[in-house]
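First up is the structure itself, then whatever we jot down about it.
The values are calculated or read from the model by the stated rules, or taken from the named source; none is laboratory data. Model, not experiment: these values are computed from the prediction. So basically every Cβ, Gly included, is an ideal-geometry build from the backbone, and we count neighbours across all protein chains shown. Protein only, heavy atoms only, side chains kept; ligands, DNA and RNA dropped before computing areas. Shrake-Rupley method; radii C 1.70, N 1.55, O 1.52, S 1.80 Å.
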Amino acid sequence: MRLLHNPFHPRNKEIFQQNYGIQLPHLQKRTSIGIQRVVTGSNLGNFAIAHLQPKPPPECQDAVAELQPSAADLSSVQTPVQPKAVHVLQREDSGQSKMDESKKVYKQEMDVRRDGMALRRSAMESAESRLLRAPPPSAASASSDNRVLTRGLARLSPINPQSLPVPAVVSKYPFTIVDGQIDPDAADFCRYKKQYCLYWGAMVEALERLQRMLLDFAVPLARVCGERLAACVQSGELNWRDGRGRCTHVEKLLSVLENRDEVWDLMCQPGQRYKGNGGHQAAAVRIQTCWRRYSARTAYLIRLRSKWAAEIIAMSLLKRAKLCHLKKSLQASRLRQLENFHSRAESLATNWKHITSAKRTIIHVPSLGYSQPRRLSLRGYDVLQNTQMGRLCDIRDENVEVIYVSPVRLGEDVLQYYTRLLGLQTAIELGDASATESHSAKRFTILMPEALEDFSTRNLCLASLLKYSPRTLKRIKNLIKGKQAYMISGVTHTDDLAVADELQIPLLGTDPVVTQLYSTKSGGKRIFSSAGVDMPPGKWDIYTLEKLYEGLAQLMAKHMEVQRWLFKIDSEVGGRGTAYVDVCHLKSRPWAQQEFIRHEPQQWRTSQSQDSVMIKFLEEVPHLLASYARLANTSCYKTWACFLEHFLKEGGVIEAFPPSQSLTCLAVDLLLEPGGDVLMLSCGDQLRGPSGLEVLGCTVPQTSICPEVLHSVCTRVGQACQQRSIMGHISLDLVTFLDPNNLEQQVRGQHST
């Protein structure tokens, strides 16, 4: 309104055109008139607009007086701006020509202002008549606004009506709206209209919106606070073109009502919207909207589920394709590594004599490539792999340099100990103890893979750790660069082939598949059997409960002199997977013993009495094992049921315990060279635990068997292994005892690794 009353403001013409569609003519630029006087507002009341203009000439004063409103009219306008003195520049008297020119310009401006006031007056009258004479909006024309108000009300439902802004004082110009209609002849409305006539055009739209909302919700009576409505219109809060949310406009419309709580409660009642103007159409639109939304949502969910299923199928196929590609890539890589292993093994066997007579570097990787369940069940697995640290003694040969890959972190004290220990022979030969450490330290290197810290809890074999240690592999390559070298492993694993292929050196070992086949207790039995080495009575490759019961009953009936039978799991070592049972607990044992005494040993094996005894034993075996079977070591298997589960899952053997009090077990380490020779590296008597079935250590050298007999047994076993393409280091477990019948020493093969 301030801009509308100032025709000299740049936006005056723009606002006239936007609000009333009136295009005002452009004024000529007024020359500055140097007048300096103070205009005070003592007679303006609260009127906030002060027009700064030069004093009109005498002949134009009458026209100006007609256009300017009286002080009484202006005092009725309430504005927050207080009057104060305004400084105006003084006009310079520069002659009669300038005075005439200023008079002419002033007359033009006053004519334009007179035309503008007339246009504003006509616009306000037309807007007032349109508001008072227009019929209530039809349902078709107001359907969009109805939906907007309904959505706004739905959004406002959780709002507390007490939080809406309310007038601070009692309204001076209230008026009522009955059944959504304003009575144009009501005294309160006429007084309100007269009070705010200067910007009545802007309030018409707000009143139309308010009437439409009250009609839509069938509000019987609403009391409007005139001051609050005028303040909202003046401040622009009810500007419908500002792009704000419709729910905000509904809040503002409700805030101008004095009985807003009653109106709010009525509007919030379910179905109230459908009692007002266009309620049937709004209800139909609402029903159609809900149904269409439900239909669209259902169709969308069906499509979404189909799309989700298609994505899952596509991802599964893609994942399967990638997995198949990865498997094929790994298979091709391992096949290539296996082919390189065999080709390098043939080259190593061909040139073995030349290699052993020249300077060479031996890379010792004492890896125990057991299966994953077996590795995870072992305690101190890294220490168990490091028991092969004695391979450092290969530097006794002046032509050998050793690179030892340690599975554990070694301190400086341990390195210093081995350095001095390995230098003793050199010190004795040279007669100089000071040169011991420096001379021996140059010929062996101990490396620790960096992956030890990353996989400290995974119980990975040493070959796998070395495979994932690129810095250690790079250092080994630098150490063997330009030298004759080969690699020696422990229990061969597929990662041993990968490491050897990465280093591009031959591996003195066995194919991992062959290793896994013959490193078990059942595999050792097959090797001893093919080598012609005597073994204790027993059965192997047992995987079913029926075979276990039948095999034990047959063995007990056939070998009546055996008092104890052993059960060993194929994959276990060190007496962990060993159990035993004594036959004295059989109820039919006395009767069977009598039947055995009646027949001679040769007749007993072919007599029918043995079959009857076996049938009787077979009936008692399940109860015998469940009640009287004992475990040699309960650290891994706590009960017989747990032991039996793993026994049948991994396979095992039944073996007779030697019927003698004089019993000794031996451990022999052999080297099967690619050239075909069999070398015995060490042999010792085993130290057994309290149960007699646990291995605690060895005493070297052995004193239980004649060396010639031991050499013969080892040679035959070595040749049997070479026939099965087994190369490298192997270990044999033998048992010797005195036969109680003839007191002759017997040697039996138990196990090979």
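Of all residue pairs spaced 6 or more apart or on separate chains, those with beta-carbon atoms under 7 Å, a first member in the range 248-273 that is within 16 Å of P220 (Cβ to Cβ) and a second member that is open to solvent by less than 10 Å² (accessible area, probe 1.4 Å) and among the small types (G, A, S) are L257/A222; N259/A222; V263/A222; R273/G279.
Within the range 307-332, the residues that satisfy the criterion of being open to solvent by less than 80 Å² (accessible area, probe 1.4 Å) and either in contact (Cβ under 8 Å) with a residue 60 or more places away in the chain or not hydroxyl-bearing (S, T, Y) (or both) are A309, A310, I312, A314, A321, C324, A332.
With the structure loaded, tell me whether L517 is at pLDDT 90 or above and either in contact with a helix residue (DSSP H, G or I) (Cβ under 8 Å, 6 or more places away or on another chain) or assigned to a helix (DSSP H, G or I) (or both) or whether it fails that test. Considered against the rule, which asks whether it is at pLDDT 90 or above and either in contact with a helix residue (DSSP H, G or I) (Cβ under 8 Å, 6 or more places away or on another chain) or assigned to a helix (DSSP H, G or I) (or both), L517 comes out as no. Inside the range 660-702, residues that are modelled with pLDDT of 80 or more and charged (D, E, K, R) make up a count of 4. Quick one: is N340 outside any helix (DSSP H, G or I), touching an Asp or Glu at 6+ places or on another chain (Cβ under 7 Å) and either open to solvent by less than 100 Å² (accessible area, probe 1.4 Å) or of a type in the set (V, I, T) (or both)? For N340, the condition - outside any helix (DSSP H, G or I), touching an Asp or Glu at 6+ places or on another chain (Cβ under 7 Å) and either open to solvent by less than 100 Å² (accessible area, probe 1.4 Å) or of a type in the set (V, I, T) (or both) - is not met.
For the range 197-208, the criterion of being part of a helix (DSSP H, G or I), open to solvent by 40 Å² or more (accessible area, probe 1.4 Å) and in contact with a Gly (Cβ under 9 Å, 6 or more places away or on another chain) is satisfied by no residue at all. Summed over the range 530-543, residues that are small (G, A, S) and touching a strand residue (DSSP E or B) at 6+ places or on another chain (Cβ under 9 Å) total 2. Checked against (1) modelled with pLDDT of 85 or more; (2) of a type outside the set (F, W, Y); (3) in a loop (DSSP other than H, G, I, E, B), L566 meets all criteria but (3). On the basis of being at pLDDT below 85 and over 22 Å from T387 (Cα atoms), does D534 make the cut? Yes. Taken over the range 561-597, the criterion of being free of Cβ contacts under 8 Å to residues at least 24 places away in the same chain and in contact with a Ser or Thr (Cβ under 7 Å, 6 or more places away or on another chain) is satisfied by E595 alone.
The set of residues from the range 636-664 being part of a loop (DSSP other than H, G, I, E, B) and out of contact with any Gly (no Cβ under 9 Å at 6 or more places or on another chain) comprises K638, T639, G651, P658, P659, S660, Q661, S662. Listed conditions (1) under 21 Å from Q723 (Cα atoms); (2) open to solvent by less than 50 Å² (accessible area, probe 1.4 Å); (3) in a loop (DSSP other than H, G, I, E, B) are all met by D534, apart from (2). Considering only residues that are part of a helix (DSSP H, G or I) and in contact with a Ser or Thr (Cβ under 7 Å, 6 or more places away or on another chain), look in the range 262-281 and name the one that is modelled with the lowest pLDDT. Per the criteria, the residue is R273. Within the range 348-384, the set of residues being under 40 Å from the mean Cα position of the chain (by Cα), open to solvent by less than 10 Å² (accessible area, probe 1.4 Å) and of a type in the set (A, V, I, L, M) comprises just one member, V365.
For the range 392-494, the helices (runs of 4 or more DSSP H) that sit wholly inside it and include 2 or more residues that are modelled with pLDDT of 90 or more and of a type in the set (A, V, I, L, M) are 462-467, 470-479. Of all residues in the range 283-306, exactly one satisfies the criterion of being closer than 27 Å to E262 by Cα and either at pLDDT below 90 or open to solvent by 50 Å² or more (accessible area, probe 1.4 Å) (or both), namely R286. Restricting K477, K521, K558 to residues that are open to solvent by 50 Å² or more (accessible area, probe 1.4 Å) and in contact (Cβ under 8 Å) with a residue 40 or more places away in the chain narrows the list to K558. Does T578 fit the bill of being surrounded by fewer than 18 Cβ atoms within 10 Å (Cβ to Cβ), within 30 Å of T515 (Cα to Cα) and not aromatic (F, W, Y)? Criteria not met by T578. Inspect all residues belonging to the range 356-367 and state whether any of them is at negative phi and in contact with a Cys (Cβ under 6 Å, 6 or more places away or on another chain). The answer is yes, given that some residue of the range 356-367 is at negative phi and in contact with a Cys (Cβ under 6 Å, 6 or more places away or on another chain). Among the residues making up the range 703-745, a single one is of a type in the set (S, T, Y) and free of Cβ contacts under 8 Å to residues at least 12 places away in the same chain: S712. Residue count for the range 570-591, restricted to those that are over 20 Å from S691 (Cβ atoms) and outside any loop (DSSP other than H, G, I, E, B): 3.
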